[in-house]
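J.: Here you go, one structure.
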Amino acid sequence: QEKTMKQICIIDYKLGNIASIYNALKDLNQNVIVSNIKGEISKSSHIVLPGVGSFKQGMKGLKDLNLIEILNEEVIDKKKYFLGICLGMQLIASKSFEDGVTSGLDWIKGDVIKIIKTKNIKIPHMGWNEVNFSKSILYKGIKKFSSFYFVHSYYLKPKNNNIISGTCVHGDKITSSVEKDNIFATQFHPEKSHDVGLKLLKNFINN
């Protein structure tokens, strides 16, 4: 029996630059759709939640488009492969302290907190940074301490450190990626991280 064709759905909740992640996945010859329609999301095998902007706006976008229920259904109940990118990674946390306290999807127990400002670092953390990663499906075949592209001022601090698959240092030690069962997330932008980023996306899809 042939393996069914994978379909990747990029969740469109009106935040962030979807074009770059769409193009990166297209470059990998994938069947990609951008959607916020229930039926289309449930037909997909892999779900990607990108996003740039504030946590509050992000949760509002998901709520306004009634996406929370379908995401819980597909990712938590049906265990579909999920990749959160940048704000998409933060939204899966319990809550964020950006601009007051806002509850998140609560797939990963933990808080989204601000990077501590020290005199020798700039916030937002912007640009290339080396990621120190441990065993993870995402980093298969990627050279240790490869650099990825970041743009953020907040990061996810999980309650359980065992789900952290990558960290980088920018003043604080920052969670760069997490992995829990079918849920993967990166604080950096793989779609802007050249070859290593494409390799990571490919690893996610081939899962």
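The values are calculated or read from the model by the stated rules, or taken from the named source; none is laboratory data. Worth saying up front: this structure is predicted, and the values here are computed from it rather than measured. Glycine gets a Cβ as well: all are built from the backbone with ideal geometry, and neighbour counts include every protein chain shown. Please note that ligands, DNA and RNA were not included when accessible areas were found on the heavy atoms of the full protein model with its side chains. Shrake-Rupley method; radii C 1.70, N 1.55, O 1.52, S 1.80 Å.
J.: Just need a number here: residues in region 93-145 that are within 17 Å of Ala185 (Cα to Cα) and either open to solvent by 50 Å² or more (accessible area, probe 1.4 Å) or out of contact with any Pro (no Cβ under 8 Å at 6 or more places or on another chain) (or both).
T.: Here is the first cut: in region 93-145, the residues within 17 Å of Ala185 (Cα to Cα) are 93-96, 104-113, 129-140, 142.
Filter again for either open to solvent by 50 Å² or more (accessible area, probe 1.4 Å) or out of contact with any Pro (no Cβ under 8 Å at 6 or more places or on another chain) (or both), leaving 94-96, 104-107, 109, 111-113, 129-140, 142.
Residues meeting the conditions: 24.
J.: Then there's this: If only one of Lys192, Lys173, Lys157 is within 24 Å of Asn17 (Cα to Cα) and open to solvent by 40 Å² or more (accessible area, probe 1.4 Å), which one is it?
T.: Lys192
J.: How many of the residues making up region 50-63 are open to solvent by 40 Å² or more (accessible area, probe 1.4 Å) and among the hydrophobic types (A, V, I, L, M, F, W, C)?
T.: 1
J.: While we're here: Just to be sure I understand, how many residues within region 76-91 are outside any loop (DSSP other than H, G, I, E, B) and in contact (Cβ under 8 Å) with a residue 60 or more places away in the chain?
T.: The qualifying residues number 9.
J.: Another question, then. I'm trying to understand the selection: among the residues of region 38-49, which are under 25 Å from Pro190 (Cβ atoms) and either of a type in the set (Lys, Arg) or open to solvent by 10 Å² or more (accessible area, probe 1.4 Å) (or both)?
T.: Glu40, Ser42, Lys43, Ser45
J.: Hey, Lys119 hits all of (1) at positive phi; (2) out of contact with any strand residue (DSSP E or B) (no Cβ under 9 Å at 6 or more places or on another chain) but one; which does it fall short on?
T.: (1)
J.: Is it fair to say Ile183 is in contact with a Cys (Cβ under 7 Å, 6 or more places away or on another chain) and either of a type in the set (Val, Ile, Thr) or within 18 Å of Phe204 (Cα to Cα) (or both)?
T.: no
J.: Report, by residue number, each residue of region 160-169 that is over 15 Å from the mean Cα position of the chain (by Cα) and open to solvent by less than 40 Å² (accessible area, probe 1.4 Å).
T.: Result: Cys168, single match.
J.: Could you pull out the residue among Ser165, Ser153, Ser103 that is more than 28 Å from Glu74 (Cα to Cα) and modelled with pLDDT of 95 or more?
T.: Checking each option against the conditions leaves just Ser153.
J.: With the requirement that a residue be touching a residue at least 60 places away in the same chain (Cβ under 8 Å), over 26 Å from Lys114 (Cβ atoms) and open to solvent by 20 Å² or more (accessible area, probe 1.4 Å), what does region 14-37 give you? If you could, list the steps in order and put the result at the bottom.
T.: Step one: list which residues in region 14-37 are touching a residue at least 60 places away in the same chain (Cβ under 8 Å), which gives 15-16, 20-21, 23-25, 27-28, 30.
Next cut, over 26 Å from Lys114 (Cβ atoms) only: 23-25, 27-28, 30.
Passing the criteria: Asn23, Asp27, Leu28, Gln30.
J.: Assess whether Asn66 counts as being open to solvent by less than 60 Å² (accessible area, probe 1.4 Å), of a type in the set (S, T, N, Q) and over 21 Å from Tyr149 (Cβ atoms).
T.: no
J.: What tally of residues in region 69-90 results from selecting those that are more than 16 Å from Val151 (Cβ to Cβ) and either in contact with a helix residue (DSSP H, G or I) (Cβ under 9 Å, 6 or more places away or on another chain) or open to solvent by less than 40 Å² (accessible area, probe 1.4 Å) (or both)?
T.: Adding up the residues that qualify gives 11.
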